[in-house]
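Trainee: My structure is below; once you've seen it, I'll send some questions.
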Ligand code: PMP
């Protein structure tokens, strides 16, 4: 008999129980308005207050400077692979070149998509570590440098505090932070654009957050769809068209939960402790294997393999019987993956560690 369910999905992923409970309590009648949030006009005072609070809280949580706009968009992380080039390459003579650091599946997809709009240069590449910056072959005059600072499938994470800011100041950085935004402190001022699909650390799928420095607005290619032109979206406070209102509401509740629980710095500490606990169990002997170099291991998404892969189904069935859900690795890489986002408590990681030890026959 399972007492707790722990959900290790890579996304859509676990959300704080308190947030779901509050959303349930407010489902039929939000704050005495007589309406569900889903039924409100995005231009009415009720929803505007929800939107403004979410915007303000996210700005506070990530210490986003005033010269950055926060856009609440639709389309998911993948749409940004097209929308970022469409919005940014216009400030360079055409055809422009975009530099990429290729560290896994998601940056790989970004490279493929960007090639429709610009020349692409893979400045450095490794699926098991963040290549040292001294090896990056950057293009002089490139439109920007794209990196996926946490590869959700491969488990490679940039040390965004120490690592990223060291590139030359004239290099415009674009980061796909879909799977680790809000999990650690970042210095937003080092980036031109940060984007993230919501369905990991923020809220439900269908909402995409874009943080863009305001001098980069208004340079979209003429072919950029209006509803996805960052300047039009920014000038209309993300209401050029109907934004994903319910997603923004849930994201706002998550932001309040984060603030109540010590903000991003406290999350980072918890996430370091959680990752340390899990990697220690994976490293204890060679029963389990990981493929990412120690210095580049993700704190959020932890792919691992049984040395004896013929026992994969048995491992997953045993995990499920103990309430440890969605541990199967991405189909492109196989094996297992534990995603331990902000809303995963350390007790969940401990429960997984206990199971890893038991399955490995460790005392
Ligand atoms: N980038 C990263 C880092 C992701 O993890 C994902 C989704 N897992 C995406 C992009 C794609 O996001 P979406 O499915 O929302 O388009």
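Trainee: Just give me the residues in region 47-82 being surrounded by 14 or more Cβ atoms within 10 Å (Cβ to Cβ), more than 17 Å from the chain's Cα centre (by Cα) and more than 14 Å from residue 207 (Cα to Cα), in sequence order.
Mentor: Scanning region 47-82 gives 47, 48, 50, 53, 57, 60, 68, 69, 82.
Trainee: Another question, if that's okay. Tally the residues that are part of a loop (DSSP other than H, G, I, E, B) and buried (at least 24 other Cβ atoms within 10 Å of the Cβ), restricting the search to region 200-226.
Mentor: Summing the residues that are part of a loop (DSSP other than H, G, I, E, B) and buried (at least 24 other Cβ atoms within 10 Å of the Cβ) in region 200-226 gives 5.
Trainee: Check whether at least one residue in region 56-71 is touching a helix residue (DSSP H, G or I) at 6+ places or on another chain (Cβ under 9 Å) and within 16 Å of the ligand (Cβ to nearest atom), and report yes or no.
Mentor: Looking for residues that are touching a helix residue (DSSP H, G or I) at 6+ places or on another chain (Cβ under 9 Å) and within 16 Å of the ligand (Cβ to nearest atom), one finds at least one in region 56-71, hence yes.
Trainee: Looking for something assigned to a loop (DSSP other than H, G, I, E, B), more than 23 Å from the chain's Cα centre (by Cα) and free of Cβ contacts under 8 Å to residues at least 24 places away in the same chain - is there at least one such residue anywhere in region 325-333? Walk me through how you get there before you give the answer.
Mentor: First, pick out the residues of region 325-333 that are assigned to a loop (DSSP other than H, G, I, E, B): 326-327, 329-333.
Subsequent filtering for residues that are more than 23 Å from the chain's Cα centre (by Cα) retains none.
No.
Trainee: Could you go through region 332-355 and let me know if any residue there is within 16 Å of the ligand (Cβ to nearest atom) and over 17 Å from residue 13 (Cβ atoms).
Mentor: Yes: one or more hits.
Trainee: Identify, please: which residue in region 347-363 is exposed (fewer than 15 other Cβ atoms within 10 Å of the Cβ) and part of a helix (DSSP H, G or I) and is, among those, farthest from the chain's Cα centre (by Cα)?
Mentor: Here the residue is 358.
Trainee: Further question: Being more than 16 Å from the ligand (Cβ to nearest atom), more than 18 Å from the chain's Cα centre (by Cα), under 24 Å from residue 267 (Cβ atoms) and assigned by TED's automatic domain parsing to the domain that holds residue 130 is the requirement here; does residue 92 meet it? Write out each step before concluding.
Mentor: Working: more than 16 Å from the ligand (Cβ to nearest atom): yes; more than 18 Å from the chain's Cα centre (by Cα): yes; under 24 Å from residue 267 (Cβ atoms): no; assigned by TED's automatic domain parsing to the domain that holds residue 130: yes.
So residue 92 does not fit the description; no.
Trainee: It is to be established whether one or more residues within region 6-26 are within 16 Å of the ligand (Cβ to nearest atom), within 30 Å of residue 324 (Cβ to Cβ), in the same structural domain as residue 230 (by TED's automatic domain parsing) and assigned to a helix (DSSP H, G or I).
Mentor: So far as region 6-26 goes, no, none of its residues is within 16 Å of the ligand (Cβ to nearest atom), within 30 Å of residue 324 (Cβ to Cβ), in the same structural domain as residue 230 (by TED's automatic domain parsing) and assigned to a helix (DSSP H, G or I).
The values are calculated or read from the model by the stated rules, or taken from the named source; none is laboratory data. This one's a predicted model, so the numbers in the text were calculated from it and none came from an experiment. Virtual Cβ from ideal backbone geometry, glycine too; neighbours counted across all protein chains shown.
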